Amino acid sequence: MKAIVITTGGGPEVLQLQQVEDPELKDDEVLIKVEATALNRADTLQRKGSYPPPKGASPYPGLECSGTIQAVGKNVLGWRVGDQVCALLSGGGYAEKVAVPAGQVLPIPLGVSLKEAAGLPEVACTVWSTVFMMSRLSAGETFLVHGGSSGIGTFAIQIAKSKGATVFVTAGNEEKLAFCKSLGADLCINYKTEDFVARVKEETGGMGVDVILDCIGAAYLQRNLDSLNFDGRLCIIGLQGGAVTEIKLNTLFPKRLTVQGSSQHEEHITEHYIVYKYSQATYISTDAPTSHQAFAFPKLKHSHILKTAAKNGAALRPRNPENKAMVVNEVEKNVWPEIVAGKVKPIIYKSFPLSEAGEAHKLMEMMKAVVITSPGDPEVLQLQEVQEPEIKDDEVLIKTEAAALNRGDIYQRQGFYPPPEGASTFPGLECSGIIEAVGENVSRWKVGDKVCALLSGGGYAEKVAVPAGQVLPVPSGVSLSDAASLPEVACTVWSTVFTMSRLCPGETLLIHGGCSGIGTFAIQIAKFKGAKVFVTAGDERKLAFCNDLGADLCINYRTEDFVVRVKEETEGKGVDVILDCVGAAYLQRNLDCLNVDGRLFIIGSISGFVAELNIAAMFAKRLSIQAAALRTRNVEEKASIVKEVEKNVWPAIMSGKVKPVVHQRFPLGEAAEAHRLMETNSGFIQPLSQTSCTSAASLDFEIAISQLPLRDFAHQICAWGFPHLLVKTMDFSHLNRGQMTLMGSAFCVVLSLHFTLQLVSQHLFYWKNPKEQKAILVIILMAPIYAAVSFVGLLDIRGSKAFFMFLESVKECYEAFVIAKFMALMYSYLNISISKNIVPDEIKGREIHHSFPMTLFQPRTVRLNHHTLKLLKYWTWQFVVIRPVCSILMITLQLLQFYPSWLSWTFTIILNVSVSLALYSLVAFYHVFAKELEPHKPLAKFLCIKGIVFFCFWQVNRTSFFFSLFLEGSLVFTLIRSMKN
């Protein structure tokens, strides 16, 4: 016979019509000559290799069919050759013949054609088994169907109405709602514009519905429970909105609610892919190549397959034959009479011959996207049906909620900025939405996650495939649609201004096009990081908006010379960094605006690409010119940028210090109008986002503008840099001693962070000697750790004590790590084995001069040998052991509530003596080997001076003043004297 064979996992092209063996008939089966088969989403999943048939089932796709019985098994009663039937299958419908257990066969309902009947078994069995057998929907009750225009939804509306229930439905646009209304739905709710919980309560006098059939899952769980009446039943048949969520049990108990999932036998589940069918069936007729054979497709198709580890769902395929036979028997008894009576009708859309099954699959997997029909003006943007993207192993598939309009989209439309090789041909460089599928190698993301993503193209579509490394979580406090305007601007600004141009706290940044999407974001993040921000824009309205975002100087480039204004405001010095989107026309003027060591970063060329350049200024002021495009970077580079953005920028967004800027919304079908708005420059040139519903016609674009509140003093203290603000703006007269101590500690934290960042940036961006510089970075971080721990120790808020204990243990272990790191580094410079303590002959016998108080235990002068070198090492390494051990003991005893004051003093004395001895031995070691360590003097000097200051200063804070003054003062005196020697 002929059958559609899946030659290998892949796209629709892998479906090939081939000659295959007829199926073998078992004693309890019938052999059906197939007239038509329905296309379900599970068939497309099987084609891709992710949903294999159950053990023993046909390898060919097709979960339901209709046809004529050609043969019957020995044990089959009730069916005979020639009967016209339809059947529920485990596979094999895409063939001329299929063997089916007799219990899964149904007669053709009167009034339904043989071809139409192919689409009834799967949807009828699913709805009846869940809504009526499990949830026990009765006449007079109220029934809510989510996804009312889906296959499950349309059938559920009709059968529920025929059984006397009141039916409410939700759908995503007016066309679908109107279709549901025509099927008999009593209340149709647009979930995009209405709160279905409020509407349900309103329509039921506050009572709620009795049964809900839900394909969303986690995202709707609590809202569904809020919508239920007393003794209400929620039947979940899909997890489009995720599988994990919190539930308020106090919602279940008072109203005696039930949450259900359709059960199935675990031993028959072969995959974690479960099909939640909510689309009309698609039909394939198999008597090809005669002209009447057809493939029928649903009128309103939408179905989702969710990957979940749960082993419960509404899938019929994995159930055993006995379970399926029981469901089929109930369907024939209760549903078939309603179909015969004309109260429930199959819905058919389109037909294909069996040989064109691949085309049918393409149609089921079609989506709407904005296509650039040819390079040109905005009218070349056309909304068309296109093929859904296929994800790779390291990608995720996002159902697009919104996409942002960037200047790059306009250039692509005009033919000047083609997408990179292998990228989507549709415009759209960033989007937000819900993950619909994940590749095999993706571990962080799961189906149902709300995300935004940096794209190489494809945002102007219902779905887009994205490398997992370019995906970001939606920041808390930001709506899903607004999040679409973040990835491109955040990644562009961070990678250019901060990563490459190294903008530091206290420096000045000039932004051309301050009211653009890049500009508005750059203003906010630069201010958050402690920079001073100048902007240019073309009118007072835009300048006022930039000022509200925090810009320090706003220049109207139409009425003022920005070079002159910049020089005036900086006393002739110029700015440190310029972010420029203008290009050629501004090149020389930008260089004139730069300070010594200034950096110009070009991210656009609105005015052109060719300019004359006087390079003399570059030599004199050591200027740098940089340029980069984000879209053309490879996947690994983009993933690295996205990771840094999530680490450094997302906290600022979640704290409310940086906000997305939105202005106006357009439907996806009006993308051309959005492009015209950006090109006219008549409004604020901001990210244009799209918001999608279940149909592409309701996808919306939005250009958004919102204002960021002015930063208060507390933010300035916590932000990077500008510690002088504390002195200029704070009145200390009303503060008590405790408040002044806390404020001083906060000031020290900011100061430590400020200098730490400066030192870290110096070494990170000028990496010359990795071994030394890694050690320096380890040591530098002592300062902010000590400052932060001391500040937390002064706090008196809930949880601060426990947190302080944790930070103390981290700090003390870090001290030991610093000493060990530095000691190992110095030994490596001298080629001395730490374990063997072998002294090279050329340095043996050198004098070691001890000072007070070490002269109490050691002679004033000793000679370097194996024993003295070993002693110096032990004096250092004792601290590496004692510090973490004491820390763990102290925390353990405090948790056991056994920590008297005498024990605290004991630990304090031990630790202070230990650290003093370790530091003393390091300085003595450096003094002995000063000649050999001379090339590495900066590192050694850093430890001996900076390290001592931080250790001693913060140790004094931990102990009584006079005791610490005696203990640590004598140490400092000795160390300084040794340094002078």
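The values are calculated or read from the model by the stated rules, or taken from the named source; none is laboratory data. Keep in mind that this is a model prediction, so the values were computed, not measured. Heads up, the Cβs are rebuilt from the backbone with ideal geometry, glycines too, and the neighbour counts pull from every protein chain shown. When the accessible area is computed, the model is the full protein with side chains, heavy atoms only, and any ligands, DNA or RNA have been set aside. Shrake-Rupley method; radii C 1.70, N 1.55, O 1.52, S 1.80 Å.
Can you list the HN-Hα couplings for segment 143-149, worked out from phi with the Karplus curve (6.51, -1.76, 1.60; θ = phi - 60°), rounded to whole Hz and with x for Gly and Pro?
So the J values, rounded to whole Hz, are 10, 10, 10, 7, x, x, 8.
What accessible area, in Å² to the nearest ten, does a 1.4 Å probe give for THR496?
0 Å²
What's the carbon and sulfur percent of segment 501-627's accessible surface, probe 1.4 angstrom, rounded to a whole number?
Working: 2630 of 5000 Å².
Answer for segment 501-627: carbon and sulfur cover 53 percent of the accessible area.
Can you work out the accessible area per residue across segment 599-677, with the rest of the protein chains kept in place, probe 1.4 Å, in square angstrom?
On the way: 4230 Å² over 79 residues.
Here the residues of segment 599-677 average 54 Å² of exposed surface.
What is the sum of charges, Lys and Arg at +1 and Asp and Glu at -1, for the other residues whose Cβ falls under 14 Å from the Cβ of LEU630? Could the numbers behind the result be given before it?
Working: positive: ARG407, ARG631, ARG633, LYS638; negative: ASP409, GLU430, GLU488, GLU636, GLU637, GLU644.
With Lys, Arg at +1 and Asp, Glu at -1, the net is -2.
Let me spell out the model: positive unit charges on the Cβ of Lys and Arg, negative unit charges on the Cβ of Asp and Glu, origin at the Cα centre of segment 2-120. What dipole size does that give, in debye rounded to 20?
On the way: 11 positive and 13 negative charges, 35 e Å.
Here segment 2-120 has a charge dipole of around 160 debye.
Compare the Cα positions of PHE562, GLY538, LEU587 along the charge dipole of segment 501-627 (+1 at Cβ of Lys, Arg; -1 at Cβ of Asp, Glu; about the Cα centre) and return the one farthest towards the positive end.
The residue sitting farthest along the positive end of the dipole is LEU587.
Quick one: pull the percent of accessible area on segment 310-430 belonging to carbon and sulfur, 1.4 Å probe, ligands and nucleic acids left out.
Working: 2550 of 5200 Å².
With neighbouring chains kept in place, the figure for segment 310-430 is 49 percent.
Quick check: with the 1.4 Å probe, what order do THR892, THR400 take by accessible area, largest first? Display every interim value, and only then the final one.
Values: THR892 65, THR400 0 Å².
Correct descending sequence by accessible area is THR892, THR400.
State in Å² the accessible area per residue of segment 845-941; use a 1.4 Å probe, count heavy atoms of protein chains only, and round to the nearest integer. All intermediate terms of the calculation are to be shown ahead of the outcome.
Working: 5030 Å² over 97 residues.
Value for segment 845-941: 52 Å² per residue.
How long is the gain from PHE907 to GLN19 if the chain were fully straight, where each residue apart is worth 0.36 nm and the alpha carbon distance is subtracted?
Working: separation 888, 0.36 × 888 = 319.68 nm, distance 8.48 nm.
Roughly 311.2 nm would be gained on extension.
Would you work out the relative contact order for segment 492-533, in percent, from Cα pairs under 8 angstrom that are 6 or more residues apart?
Details: 39 pairs, mean separation 18.5, N = 42.
Over segment 492-533, the number comes to 44 percent.
Taking the Cα centre of segment 501-627 as the origin, how large is its charge dipole in debye, to the nearest 20, when only Lys and Arg (+1) and Asp and Glu (-1) carry charge on their Cβ atoms? Before the final figure, lay out the partial values.
Working: 14 positive and 15 negative charges, 62 e Å.
Once rounded to the nearest 20, the dipole reads 300 debye.
Name the residue from VAL14, VAL105, GLY91 whose Cα lies farthest towards the positive end of the charge dipole of segment 2-120, charges +1 on Cβ of Lys and Arg and -1 on Cβ of Asp and Glu.
VAL14
Give LYS532/LYS567; LYS529/LYS657; LYS115/LYS463 a once-over and call out the pairs whose C-alpha atoms are over 22 Å from each other.
Working: LYS532/LYS567 14 Å; LYS529/LYS657 10 Å; LYS115/LYS463 32 Å.
Too far apart for the 22 Å limit: LYS115/LYS463.
Could you please report the charge total around ASN648, scoring K, R as +1 and D, E as -1 over all other residues with beta-carbon less than 15 angstrom from its beta-carbon?
Working: positive: ARG502, LYS527, LYS529, LYS643, LYS647, LYS657; negative: GLU644, GLU646.
Here the count lands on +4.
Going toward the positive end of the dipole of segment 95-242, with +1 on Lys and Arg Cβ and -1 on Asp and Glu Cβ, which of SER129, MET207, TYR220 do you reach last?
The Cα lying farthest towards the positive end belongs to SER129.
What's the local net charge at GLU847, with K and R +1, D and E -1, over the other residues with C-beta under 11 Å away?
On the way: positive: ARG846, ARG860, ARG863; negative: none.
Residues near GLU847 contribute +3 overall.
Which value, in debye to the nearest 20, describes the size of the charge dipole of segment 120-260 about its Cα centre when Lys and Arg Cβ atoms bear +1, Asp and Glu Cβ atoms bear -1, and nothing else is charged? Mind dumping the intermediate values first?
Working: 13 positive and 14 negative charges, 47 e Å.
The dipole of segment 120-260 has a size of about 220 debye.
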